[in-house]
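Reviewing the structure listed below.
The values are calculated or read from the model by the stated rules, or taken from the named source; none is laboratory data. Treat the numbers as computed from the prediction; the structure is a model and nothing was measured. Methodologically, a virtual Cβ is constructed for each residue, glycine included, from the backbone with ideal geometry; neighbour enumeration extends over all protein chains shown. Heads up: the accessible areas ignore ligands, DNA and RNA and are worked out on the full protein's heavy atoms, side chains in. Shrake-Rupley method; radii C 1.70, N 1.55, O 1.52, S 1.80 Å.
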Amino acid sequence: MPPPAATLKVTVAIPTFNRADFLRQTLAGIAAQQFPRDHFEVLVIDNNSSDHTRAVVAEFASARPAPRYIHEPLQGLDHARNRAIAEARGDIIVFADDDILLQPNSLAQLAAPLLADSGRRIGAVGGEVIPVFPDGLPPWVAEWHAPLAFRPDAGPPPSKHSPMGANLAFPKWVFEQLGPFHTALDRAAGNYFSGGDSEMIRRVRAAGLEVWFAPAAAVQHQM
């Protein structure tokens, strides 16, 4: 039986679409996290996958916590993110891409600033994202895709820098205060990037809240 909502500190939400084999690696990394097992949950938001995504989630039924499978029929990354917000029982929502490789302390390092923020000053925390290329380095990203490296320690980066949605946490009250992700900014044919996370970061800053970068909360992002 899952723990009562009052004990849940973190919801890890993974929107996914037809990337079952990458998802398996991400779920394995989450299952190995050094974080209190009764204080987080895992949601997999399946955004109309036609592959074996559901079977991969079922492979982790004995994990603690076991991931909860949720089907979201409205197509688009931010539809899936908003479904995660509606389903989340944690005080903090961590959005993770379905192709990241986590270190055992990634979740604890990402959640730490928000868990310590009793004054509600921090509206978002982004972790380091290190690109890796399982199929080789494509020339169209060779010159610009690198680790974020906004600062060497946890804290607010310069306002010109925004964390990536691949490894990004918000306190749940931010969405109650500022609203959900804008679904009109979702990925479409010919555009591989969603602007929903960047727009949400702009909203957080416009509300006078801090956006932090946590370099120790590092993940590898498979490109």
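Quick one: count up the residues across the range 93-122 that are touching a residue at least 24 places away in the same chain (Cβ under 8 Å), hydroxyl-bearing (Ser, Thr, Tyr) and more than 15 Å from Ala218 (Cα to Cα).
0
Look at the range 111-133 and say how many of its residues are more than 10 Å from the chain's Cα centre (by Cα) and over 14 Å from Glu210 (Cα atoms).
Count: 9.
Looking at Asp97, Asp21, Asp91, Asp38, which is the one that is open to solvent by 20 Å² or more (accessible area, probe 1.4 Å), among the charged types (D, E, K, R) and in contact with a Gly (Cβ under 9 Å, 6 or more places away or on another chain)?
Exactly one residue qualifies, and that residue is Asp97.
Which residue pairs have Cβ atoms under 6 Å apart, sit 6 or more places apart or on different chains, and have a first residue in the range 156-183 that is under 14 Å from Leu209 (Cβ atoms) and a second that is β-branched (Val, Ile, Thr) and open to solvent by 10 Å² or more (accessible area, probe 1.4 Å)?
Phe175/Ile85
Restricting attention to the range 120-136, and to residues there that are open to solvent by less than 100 Å² (accessible area, probe 1.4 Å) and assigned to a loop (DSSP other than H, G, I, E, B), which single residue is modelled with the highest pLDDT?
Restricting to residues being open to solvent by less than 100 Å² (accessible area, probe 1.4 Å) and assigned to a loop (DSSP other than H, G, I, E, B), the top hit is Phe133.
Tell me which residues, restricted to the range 54-83, are surrounded by 22 or more Cβ atoms within 10 Å (Cβ to Cβ) and in contact with a Phe, Trp or Tyr (Cβ under 7 Å, 6 or more places away or on another chain).
Selection gives Val57, Pro67, Asp78, Arg81, Asn82.
Restricting the search to the range 144-169, which residues are under 13 Å from Ile201 (Cα atoms) and of a type in the set (A, V, I, L, M, F, W, C)?
Met164, Leu168, Ala169
Criterion first (at pLDDT 95 or above and either open to solvent by less than 50 Å² (accessible area, probe 1.4 Å) or not small (Gly, Ala, Ser) (or both)) does Ala169 satisfy it?
Answer is yes for this residue.
Which of the residues belonging to the range 79-137 are touching a Lys or Arg at 6+ places or on another chain (Cβ under 7 Å), of a type outside the set (A, V, I, L, M) and under 21 Å from Leu178 (Cα atoms)?
Of everything in the range 79-137, those that are touching a Lys or Arg at 6+ places or on another chain (Cβ under 7 Å), of a type outside the set (A, V, I, L, M) and under 21 Å from Leu178 (Cα atoms) turn out to be Gly90, Asp91, Phe95.
Does Asp51 satisfy the condition of being surrounded by fewer than 24 Cβ atoms within 10 Å (Cβ to Cβ), under 21 Å from Ile93 (Cβ atoms) and either among the basic types (Lys, Arg) or more than 18 Å from the chain's Cα centre (by Cα) (or both)?
no
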